[in-house]
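The values are calculated or read from the model by the stated rules, or taken from the named source; none is laboratory data. Predicted, not measured: the structure shown is a model, and the values here were computed from it. Heads up, the Cβs are rebuilt from the backbone with ideal geometry, glycines too, and the neighbour counts pull from every protein chain shown.
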Amino acid sequence: MEKNLTIGLIVKPQGIRGEVKVKPYTDGAENFQGLKRVFIDGEEVKILSVRFGADAVFLGLKGVPDRNAAELLRGKELTVPREEAPDPGEGRYYIADLLELEVFSEEGERLGVLKEIRNAATDVYFLDREGKELLFPAVKGVITDIDLAAKRITVCKKRFDEVVVE
């Protein structure tokens, strides 16, 4: 399992006092509320303030006193040590934990290895099946079980066949 988890992306500076706008990679912006620090390019940065907007988090960071300093952080990802990351909740998983899991149908047919997940209105899963790329949305009824210990994702074959794109 990954030691550090990526929890957001700095989109742009916000205002003139060094605040940054962050696109959260977590289920909700409120997950940032309890954080005391984040890491940017491996460097620890203390969080001074947290506020929320529509689908965004606005952070005041130590050492980022103005808009010019905040601009230098544009496009940087925020990471936290796994033990400090918010609990994803029952039936929820961090993307880093799902990557490289094998995907099987309920009947036991191996469908491929999960290589990437892209966030969209519905997450899109990218599988590698012997060099061939398969894409499927994580819509209701496709994924029936995720077993991190067994490194396995199980899907309903019928529903999978309806939505998969080769």
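Against the conditions (1) over 26 Å from Asp123 (Cα atoms); (2) surrounded by 13 or more Cβ atoms within 10 Å (Cβ to Cβ); (3) out of contact with any Pro (no Cβ under 8 Å at 6 or more places or on another chain); (4) not acidic (Asp, Glu), where does Ile16 fall short? Just the number, please.
(2)
Would you pick out the residues in the range 48-80 that are in contact with a helix residue (DSSP H, G or I) (Cβ under 8 Å, 6 or more places away or on another chain), assigned to a strand (DSSP E or B) and without any contact (Cβ under 8 Å) to a residue 24 or more places away in the chain?
Residues satisfying the conditions are Val50, Phe52.
Give Glu83, Glu116 a once-over and let me know the one that is touching a strand residue (DSSP E or B) at 6+ places or on another chain (Cβ under 9 Å) and either assigned by TED's automatic domain parsing to the domain that holds Ala29 or charged (D, E, K, R) (or both).
Just a single option satisfies the conditions, and that option is Glu116.
From Glu83, Glu90, Glu44, grab the single residue that is assigned to a loop (DSSP other than H, G, I, E, B) and not aliphatic (A, V, I, L, M).
Numbers: Glu83 fails: assigned to a loop (DSSP other than H, G, I, E, B); Glu44 fails: assigned to a loop (DSSP other than H, G, I, E, B).
Only one candidate qualifies: Glu90.
Those residues that are exposed (fewer than 14 other Cβ atoms within 10 Å of the Cβ), touching a residue at least 12 places away in the same chain (Cβ under 8 Å) and not in a loop (DSSP other than H, G, I, E, B), I need them from the range 130-152; list them, please.
Residues satisfying the conditions are Lys132, Glu133.
With Tyr93, Tyr125 as the choices, which residue is under 30 Å from Val45 (Cβ atoms) and of a type in the set (Ser, Thr, Tyr)? Show your work before the answer.
Working: Tyr125 fails: under 30 Å from Val45 (Cβ atoms).
Of Tyr93, Tyr125, the one residue that is under 30 Å from Val45 (Cβ atoms) and of a type in the set (Ser, Thr, Tyr) is Tyr93.
Just to check your reading of the model, which residue among Arg74, Arg82, Arg152 is modelled with pLDDT of 95 or more and either under 22 Å from Arg37 (Cβ atoms) or β-branched (Val, Ile, Thr) (or both)?
Values: Arg82 fails: modelled with pLDDT of 95 or more; Arg152 fails: either under 22 Å from Arg37 (Cβ atoms) or β-branched (Val, Ile, Thr) (or both).
Matching residue, one of Arg74, Arg82, Arg152: Arg74.
Between a first residue in the range 20-36 that is under 21 Å from Asp97 (Cβ atoms) and of a type in the set (Lys, Arg) and a second residue that is modelled with pLDDT under 85 and loosely packed, with under 13 Cβ neighbours inside 10 Å, which pairs have beta carbons less than 8 Å apart while being 6 or more apart in sequence or on different chains?
These pairs meet every condition: Lys23/Asp55.
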